[in-house]
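One structure is given here, and the rest of the page talks about it.
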Amino acid sequence: METFVPPVPSRINYINAQYGLKSWLLTKDHKRIALLYLGSISFFFFIGGLYAMAIRLELLTPQADLLQSTTYNKVFTQHGIIMVFFFLIPSIPATLGNFLVPMMIGAKDLAFPRINLLSWYIYMLGGIVTIYALLAGGVDTGWTFYTPFSTTFSNSYVVATGLGIFINGFSSILTGLNFIVTIHTMRAPGMTWFRLPLFIWAHYATSLIMILGTPVIAITILLLAFERVAHIGIFDPAVGGDPVLFQHLFWFYSHPAVYIMVLPGMGIISELIANFSRKNIFGYSFVAFSSLAIAVFGFLVWGHHLFVASQSVYAGMIFSFLSFAVAIPSAIKVFNWTATLYKASISYDTPMLYALGFIGLFTIGGMTGLFLAALAVDVHLSDTYFVVAHFHYIMVGGTLLAYLGGLHYWWPKITGRMYPEGWGRFSALVVFIGFNLTFLPQFILGYMGMPRRYHVYPAEFQVLHVLSTAGASILGVGLLIPLFYLMWSMRYGKVAPGNPWHLPGLEWRTQSPPPTENFDYTPVVTWEAYEFAPPEETEVVGKFHDKVPEKA
Amino acid sequence: MSEHIVPVKVYVSIFLALMVGTAVTVLAAFQDFPGALNVIVAMTIAVVKATLVVLYFMHVRYSARLIWVIVASALFWMGILFALTFSDYWTRGWL
Ligand code: HEM
Ligand SMILES: [Cu+2]
């Protein structure tokens with residue numbers, strides 16, 4: 001077997017291989033498309049963040065002083081729509097996934113490079129239509145578009161916003177399709193299924209949900225639009241429809257969609273935990289298959305959103321039971337990550353700080369999900385701030401932290417520059433503190449009876465709301481710091497070597513940034529995932545073993 | 001990928017069959033059948049038409065086994081959607 005020779009860094013890479021706007025807008029390189037997505041989702045994250053600021057500022061006081069009620073309705077709706085559909089769902093798959101799926105399996109690109117580019121254009125079109133709807137007058141239905149309000153009573157731009165989401169869905173489907181075909185057909189020689197990094201398993205599972213679930217939300221939005229425009233009697237009881245049917249159809253997609261958001265994050269965490277512990281992950285196949293289990297069982301629990309929506313008690317019991325069952329694969333992951341840390345030589349670099357934060361916050365988010373899945377408890381907690389806290393613990397404490405961890409971890413590979421480690425650790429800490437200060441009080445608020453989506457509230461809730469707004473400000477600062485130093489590092493950061501973390505994964509066995517074809521030669525994989533050379537075989541330089549494993 | 005060339009005649013006859021199906025749907029809509037039969041008749045016609053589209057216009061009939069597996073899993077997933085939704089509707093009166 002050939003020994004591994006670190007490629008000589010050549011000056012030509014995917015970034016400087018071609019110049020000019022056209023070379024970006026017409027690129028078929030998955031790495032460049034990943035950067036296009038990175039720019040666009042950051043833009044939407046920023047807009048969504050502005051709405052979040054408006055919400056938190058309004059909630060500082062018990063009265064409605066900053067925003068009128070109708071405006072407030074639009075602000076939280078638009079915050080939710082932008083964050084869910086235009087940031088969280090594409091965030092990890094379309095950026096880091098796009099960049100890394102081919103690199104981690106030793107391929108030159110995704111299976112359908114043109115379709116990959118098309119998915120970005122569709123995403124942008126959907127985004128523009130949605131932004132148009134927001135500028136034209138906005139939408140006030142909540143991100144869940146519940147009928148009959150959305151079909152009959154709302155005076156806002158429901159159809160236009162729905163159209164934007166409808167279009168955007170196709171970009172999701174195309175990304176999923178591309179990943180599945182790529183993972184099936186383009187693995188490098190020797191890259192067997194059980195040598196795949198867990199990031200790949202997670203993206204495979206996510207892609208299944210994207211393909212199987214997204215068409216349903218598309219149809220649902222279409223029916224909603226027909227109903228609103230032509231009153232055809234799907235959801236409107238006055239003409240033979242049923243408003244609860246909308247909730248069934250909506251959550252058939254949107255519960256699995258919460259796993260579209262968190263599964264790729266789990267994939268990143270598996271990478272970070274194994275690599276920064278310099279150990280194979282504990283129970284590789286359990287972690288891999290738990291991703292698939294989540295993808296499948298995630299489709300069986302949507303009724304836990306309908307417990308108080310006149311759903312039958314028997315269906316409620318079935319959905320409650322299944323919701324408890326779906327927590328098992330997530331718990332498997334948490335236990336296996338923790339077990340991996342046991343007796344490991346852990347290094348606390350920025351990505352690892354985010355990963356450790358993820359484990360704690362995701363656990364809280366998941367456990368409170370179980371509270372909500374218990375029928376009687378949910379009667380008390382439904383539609384309160386407890387729910388808001390629950391899903392932010394998973395979507396922000398989970399997905400966003402994983403995304404930031406992954407972005408730092410692969411930043412040297414993507415840009416060829418190191419980020420400043422000190423600033424990185426500092427801002428990770430600020431994010432963690434700010435996050436908890438924002439959302440822990442919301443659990444208590446919800447338990448005490450503070451409903452979600454109201455901006456006027458009893459005076460006794462104010463202390464907790466002020467704490468939450470203070471936390472949100474800290475969180476905001478914690479997110480702005482990386483924005484600045486990451487941009488700074490693109491120019492002034494230390495030049496990154498091909499393998500700055502000294503890791504065995506394929507993406508590290510090529511120069512940083514990679515050449516357009518990713519590898520100078522087709523890699524042949526002869527090692528298992530996360531196979532670190534035993535300490536006695538390597539010299540220890542600094543805190544890392546200096547060599548990547550060379551196995552015959 | 002072996003390309004199967006479908007004669008135009010097949011497309012035309014499927015199209016005509018779909019048109020007949022549409023006509024029957026409209027006719028059936030003006031009949032009031034007893035009980036649940038209205039829905040059953042409408043759904044049966046719709047399923048037959050959809051099957052024709054999938055088999056011929058979408059070429060599944062001439063496609064590889066893998067495609068059949070994918071069609072089957074899509075139908076299975078739709079089955080989940082229906083089954084669990086009806087676990088609500090059919091048991092509403094029980095309590
Ligand atoms: C793993 C990632 C998860 C994410 C991203 C997530 C996200 C969400 C979101 C967005 C909502 C609120 C929807 C809305 O009404 O606007 C929600 C509510 C809910 N979640 Fe989760 N969730 C996750 C996991 C879980 C788990 C594991 C369970 C239970 C086993 C669970 C149980 C619930 C329940 C019962 C509600 C409805 C609460 C109510 O409206 O009364 N969630 N979740
Ligand atoms: Cu759910």
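If B:Y11 satisfies all but one of (1) closer than 23 Å to B:G79 by Cβ; (2) over 12 Å from the mean Cα position of the chain (by Cα), what's the number of the condition it fails?
For B:Y11, the exception is condition (1).
Report yes if A:T206 is among the hydroxyl-bearing types (S, T, Y) and within 13 Å of chain B (Cβ to nearest Cβ), otherwise no.
no
Pick from A:T399, A:T415: which is within 16 Å of ligand 1 (Cβ to nearest atom) and under 29 Å from A:L198 (Cα atoms)?
Working: A:T415 fails: within 16 Å of ligand 1 (Cβ to nearest atom).
Testing whether each residue is within 16 Å of ligand 1 (Cβ to nearest atom) and under 29 Å from A:L198 (Cα atoms) leaves just A:T399.
Testing A:M266 on (1) in contact with a Lys or Arg (Cβ under 7 Å, 6 or more places away or on another chain); (2) surrounded by fewer than 18 Cβ atoms within 10 Å (Cβ to Cβ), one condition comes back false. Which one is that?
(2)
Based on what the data block shows, is A:L263 away from ligand 1 (no atom under 16 Å from the Cβ), in a helix (DSSP H, G or I) and in contact with a helix residue (DSSP H, G or I) (Cβ under 6 Å, 6 or more places away or on another chain)?
no
Please go through the range A:106-124 and give me each residue that is surrounded by fewer than 24 Cβ atoms within 10 Å (Cβ to Cβ) and part of a helix (DSSP H, G or I), ordered by number.
A:P113, A:R114, A:I115, A:L117, A:L118, A:W120, A:Y121, A:I122, A:M124
Can you tell me which residue in the range A:466-521 is surrounded by the most Cβ atoms within 10 Å (Cβ to Cβ), limited to those that are among the charged types (D, E, K, R) and out of contact with any strand residue (DSSP E or B) (no Cβ under 7 Å at 6 or more places or on another chain)?
Among those residues, the one meeting the criterion is A:E507.
Can you tell me which residues in the range B:65-85 are farther than 18 Å from A:P215 by Cβ and in contact with a helix residue (DSSP H, G or I) (Cβ under 9 Å, 6 or more places away or on another chain)?
B:W68
May I ask you to list the residues in the range A:56-75 that are of a type outside the set (S, T, N, Q) and farther than 14 Å from A:L467 by Cα?
Within the range A:56-75, A:A64, A:D65, A:L66, A:L67, A:Y72, A:K74, A:V75 qualify.
To keep it simple, each residue is scored yes or no on (1) in contact (Cβ under 8 Å) with a residue 60 or more places away in the chain; (2) away from chain B (no Cβ under 14 Å).
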residue	(1), (2)
A:L300	no, no
A:V308	yes, no
A:S312	no, no
A:I318	no, no
A:P329	no, yes
A:D349	yes, yes
A:G369	no, yes
A:A373	yes, yes
A:A376	no, yes
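Throughout, read-outs are computed from the coordinates displayed, never taken from laboratory work. Quantities reported herein were computed from a predicted structural model and do not represent experimental measurements. Neighbour counts are summed over all protein chains in view; Cβ atoms, including those assigned to glycine, are modelled from backbone coordinates with ideal geometry.
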